[in-house]
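S.K.: Handing you a structure now.
Every number in this text was worked out from the coordinates using simple rules, so none of it is lab data. Everything numeric here is computed off the predicted structure, so don't read it as measured data. Ideal geometry is used to build each Cβ from the backbone, glycine not excepted, and the neighbour counts take in all protein chains shown.
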Amino acid sequence: MPQRSPIYNWPSCAFKGLICLLAVQFWAALAAAAPAQGLAMHGAPKYAAGFEHFDYVQPDAPKDGTVVFGVLGSFDSLNPLIVKGVAAAGVLD
C-alpha cells in the first residue's frame, strides 16, 4: 500500500486553514464600508441627507378623510343582491 505524502497530515492542514482564515479576515478589514446616509445600486443616492419629503409625496395634501380597512373572510360575489352565497363584507354597509 502506497504511503500518503506528508503534505496531507493533520497539523499541516490545520496550519493552512488558519492561514486562509487570517487572510480572509485581513481582506475583510480592508474592505470595511465607511458610514453613509444612503445606499444606491448605481451611482449616488437620489435624496441628500436631511431631505424634506419623497418626490411622490404631496406635503400640502389634505389631512382629513377616511381609512378603509380590510376584512377577514370570503365572499362569492360583489353583487349585494345575490340570493345564494355570501356577499362581500362592506358592500351593504
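S.K.: Go through segment 21-51 residue by residue and tally those that are of a type in the set (A, V, I, L, M) and in a loop (DSSP other than H, G, I, E, B).
M.R.: Going residue by residue through segment 21-51, those that are of a type in the set (A, V, I, L, M) are 21-24, 28-34, 36, 39-41, 44, 48-49.
Those left that are additionally in a loop (DSSP other than H, G, I, E, B): 31-34, 36, 39-41, 44, 48-49.
Summing the residues that are of a type in the set (A, V, I, L, M) and in a loop (DSSP other than H, G, I, E, B) in segment 21-51 gives 11.
S.K.: Consider Phe69 carefully, then state whether it is over 22 Å from the mean Cα position of the chain (by Cα), assigned to a loop (DSSP other than H, G, I, E, B) and surrounded by 10 or more Cβ atoms within 10 Å (Cβ to Cβ).
M.R.: Against the criterion (over 22 Å from the mean Cα position of the chain (by Cα), assigned to a loop (DSSP other than H, G, I, E, B) and surrounded by 10 or more Cβ atoms within 10 Å (Cβ to Cβ)), Phe69 does not qualify.
S.K.: So which of Gly65, Gly38, Gly90, Gly73 ends up being of a type in the set (Gly, Ala, Ser) and touching a Pro at 6+ places or on another chain (Cβ under 7 Å)?
M.R.: None of the others qualify; the one that does is Gly38.
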